Amino acid sequence: MTSDTAPHDSPTAAASGSWQLGDIAVHRIGFGTMRLPQTGPALVPDAVPRDREQALRVLRRAVELGVNHIDTAAFYFSPLRSANELVNRALAPYADDLVIATKVGPARGPDGEWTEHARTPAALRAQVEENLRQLGRDHLDLVNLRVLGTDPIAERFGALAELREAGLIRNLGLSNIHPHQLAEARTIAPVVCVQNPYGIGASPAQDELLRLCGEQGIAFVPFYAIAGAGRQDGAGEPEPAEVLEVARGRGISTARVRLAWTLHRGPHVLAIPGTGDVAHLEDNLAAGALRLTAEELALLDRAHTG
């Protein structure tokens, strides 16, 4: 089992509360591995590999601090480093309460260049099997179907539902979707989570999807909650004055403020901030213990709606 023991100045993930992700309860703040294989921008062919021991320390520290929800993917890699391999090396044998979520759909060649999305049942099964091999598992706790565009997803989600029935997948989710695609998927198999871009400044459409998930008891898992428009390159725009005001008043980082605000959006919201630095990891996890006041929330809501 994961341990919630940690120094007093390092709040654990348990402080964020918990949510039932499918058939397993997870703490509401977890860890995303996209930034782990490299320094600088992620998901580019010429990424600079991160020091391997540093990456392993970050993963092990996350679990020491109570993280039991880790988000990864086979296409998270840089030259010499694979997020799945790092997770396997750092954390196997896996604790019973550790949920490792992965995603399928996007594809990259060995050179790191993006190739055509997996759209056929055979291609999706191959990606599931690749994740199984890299993670050293006989099943995957959670697989999210990553979607591009507004096309119907029934065939692709149905293929994953068949793998769930076969025992290769425990729970299913969706990523980067629109409401009609969620409705379509739910006619095929249970959807336990939706991963979409979200944070301060997100569009009204994403607010609506967050609300819709809450009504249906589905976890809403934001990505880029800290980076915002900077996406995989990291935060790239000046912080709104309201975010800076709350951060300065509390004496904390703007990243912690952003994550805390995101978690305040609903009990079904789960954060998966990623980093390759232990100090940043500890700062991110501390957001789960931050209780914003009504005045602070109103100020940050103003930044959100512009």
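For the listed peptides 172-181, 14-23, a ranking on the average number of other beta carbons within 10 Å per residue, highest first, reads 172-181, 14-23.
Highest-first packing order for the peptide set 136-144, 110-118 is 136-144, 110-118, based on the mean count of other beta carbon atoms within 10 Å. Scanning residues 5 or more positions from A101 or on other chains, those with amide H under 5 Å from its amide H are I70, D71, T72, with H placed 1.01 Å from N in the peptide plane. Taking label positions 7 Å along the Cα-Cβ direction at both V44 and A166, the computed distance is 3.8 nm, reported to one decimal.
Of all the options L132, L285, L259, the one that moves most in a Gaussian network model of the chain with Cα springs shorter than 10 angstrom is L132. In this structure the amide hydrogen of G66, modeled in the peptide plane, comes within under 5 Å of the amide hydrogens of S3, A13, none closer than 5 places in sequence on its chain. Label-to-label distance for R186 and E53 is 5.0 nm, based on points extended 7 Å past Cα in the beta-carbon direction.
Semi-axes of the equivalent ellipsoid for the stretch 13-305, computed as √(5λ) from the eigenvalues of its C-alpha gyration tensor and ordered from largest down, come to 28, 22, 18 Å.
Counting charges near R52 (Lys, Arg +1; Asp, Glu -1) among other residues having Cβ under 12 Å from its Cβ returns a value of +1. Amide H to amide H, with H built 1.01 Å from N, I169 comes under 5 Å of L140, R164, counting only residues 5 or more places away or on other chains. Report the label-to-label distance for D96 and E215 in nanometres (one decimal), using points 7 Å from each Cα along the Cα→Cβ vector. Modelled inter-label distance: 3.8 nm. Basic side chains Lys and Arg get +1 at the Cβ, acidic Asp and Glu get -1 at the Cβ, and with that the dipole of the chain about its Cα centre reaches some 200 debye.
Looking at the chain alone, DSSP beta bridges between its own residues are antiparallel in about 30 percent of cases.
Listed values for the stretch 204-217 are Karplus-derived 3J(HN,Hα) couplings in whole Hz (6.51 cos²θ - 1.76 cosθ + 1.60, θ = phi - 60°), namely x, 4, 6, 4, 5, 5, 4, 4, 4, 4, x, 5, 9, x, and x replaces Gly and Pro. Which listed residue (V243, A55, P267) has the Cα farthest towards the positive end of the charge dipole for the stretch 13-305, taking +1 on Lys and Arg C-beta and -1 on Asp and Glu C-beta about the Cα centre? It is A55, whose Cα lies furthest towards the positive end.
Every helix of 4 or more DSSP H residues in the chain counts as -39500 (n - 2.57), and over all residues that averages to -11000 deg cm²/dmol at 222 nm. Each peptide in 94-102, 288-296 gets a packing score, the mean of other Cβ atoms within 10 Å over its residues, and the list from highest to lowest is 94-102, 288-296.
Applying 1/(1 + (r/R0)^6) with R0 = 22 Å to the Cβ-Cβ distance of E64 and S253 gives a FRET efficiency near 0.60.
Every number here is computed from the coordinates shown, using simple stated rules; none is lab data. Not measured: the values here are computed from a predicted model. Cβ: placed from backbone, ideal geometry, glycine included. Neighbour counts: every protein chain shown.
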